[in-house]
Amino acid sequence: MVCLTGDVHQRSYRGTDTPFSSQTEVALAAKYCDIAGKYGVKVSLFFTGKACEEEPDTVKILSGLRHCEIGGHTFAAFRDPLSRLFKKVYGTPWGTTAHQLRDIQRTIGSIQQVTGHRIQTWRNHSYIRTADTDRLLESCGIHVVSDEVSDLKISPEWVRPGYRSVPMNVLPDHEHVLHGKYQHGKTKPERLAHRMPITEWADRVKASIRRICEQGGTATVLAHPMCMDVADGMVVFEDLCQYFQPYGTVWLSEVQ
């Protein structure tokens, strides 16, 4: 089985790809879901709470799609003055345990207000977590988290009964694909050392899926809507969706 996931940030996020697209990440998530839907591919998208507040109508439509699952991705992806201050003081934008709990609760509340559903899945922005993260997420009703990147793990790990971690065991896109400012001639060569054309990345994704599925595991793919669009207009993404089809797909909440 394949579990396709993507992270979606707010319009005001201003990430590395923002200058290279005329569309918001939420709008591109709709395009992404349209492509996946053509091939019957299930999608698990993680939204910031602020993305839901800024573009509620589109998020609500996406939450109603039969093949789309919505999860949380922090409230504003640490793009706020308090998170910046905490990073300087504590070494992590999460800062205090109380602040992290408020952020989780605020994110869950914003998504529920827009979609009418209480989420059960979560991915921290930039995979940033603390020793308290799992306990706090579980206390807020989250049952599945996907923060760890490990190609050695082909199945979820049960942290506690009722709460599990699903590793991203396929090469993530954002850190490895040439896209946006991460292109030859647009940044320092040393910043491109581990990056590759999106076609080469896709070949590696396919090879990992074959290996993991042959071993009886679930291949969890992270492909951001914005990254997929900026890299090549989602051409390779559509090819991957076709490739996923015969393996069958599951939502993150279904990975056992």
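The values are calculated or read from the model by the stated rules, or taken from the named source; none is laboratory data. Keep in mind the model is a prediction, meaning the values are calculated, not measured. When we count neighbours, we look across all protein chains shown, and the Cβ atoms used for this are built from the backbone with ideal geometry, even at glycine. Keep in mind that these areas ignore ligands, DNA and RNA; they rest on the heavy atoms of the full protein, side chains included. Shrake-Rupley method; radii C 1.70, N 1.55, O 1.52, S 1.80 Å.
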Could you sort Thr58, Thr121 by their accessible area in this structure, using a 1.4 Å probe and putting the largest first? Thr58, Thr121
Taking the Cα atoms of the range 113-155, report the difference between the largest and smallest coordinate on each principal axis, in whole Å and largest first. 37, 22, 19
Could you pull out every residue, at least 5 positions away or on a different chain, whose amide H is within less than 5 Å of the one on Cys3? Hs are placed 1.01 Å off N in the peptide plane, and Pro or chain starts have none. Ala219, Thr220, Val221, Val250
Between Phe46 and residues 5 or more places away or on another chain, which pairs have amide H atoms under 5 Å apart, with H built 1.01 Å from N, and which residues are they? Gly6, Asp7, Val8, Gly71
Using the Cα atoms as the points, what is the convex hull volume per residue of the range 74-189 in Å³? 149
Karplus couplings for the range 162-175 from phi (6.51 cos²θ - 1.76 cosθ + 1.60, θ = phi - 60°), rounded to Hz, Gly and Pro as x? x, 9, 9, 10, 10, x, 7, 9, 10, 3, x, 6, 4, 7
Heavy atoms only, probe 1.4 angstrom, no DNA, RNA or ligands counted: give me Tyr39, Tyr32 ranked by accessible area, highest first. Tyr39, Tyr32
Report Rg/Rh for the range 164-256, rounded to two decimals, where Rg is the Cα radius of gyration and Rh the Kirkwood radius. 1.00
Using the Kirkwood formula on the Cα atoms of the range 1-146, what hydrodynamic radius do you get, in angstrom to one decimal? 15.5
Computed magnitude of the charge dipole of the range 1-154 (debye, nearest 20; Cβ of K, R +1, Cβ of D, E -1): 160
Distance histogram in 10 Å bins (all Cα pairs of the range 1-59, percent per bin): 22, 52, 24, 2
The orientation-averaged projected area of the Cα convex hull of the chain, in nm², is 13.1
Heavy-atom accessible area per residue - the chain, 1.4 Å, Å²: 44
Pick from Gly91, Gly116, Gly180 the residue whose mean-square fluctuation is largest in a GNM of the chain, springs joining Cα atoms under 10 Å. Gly91
Quick one: dipole size for the range 179-233, taken about the Cα centre, charges +1 on Lys/Arg Cβ and -1 on Asp/Glu Cβ, in debye to the nearest 20. 200
How big is the range 50-103 on each of its three principal axes, counting only the C-alpha atoms and giving the largest first in Å? 43, 18, 14
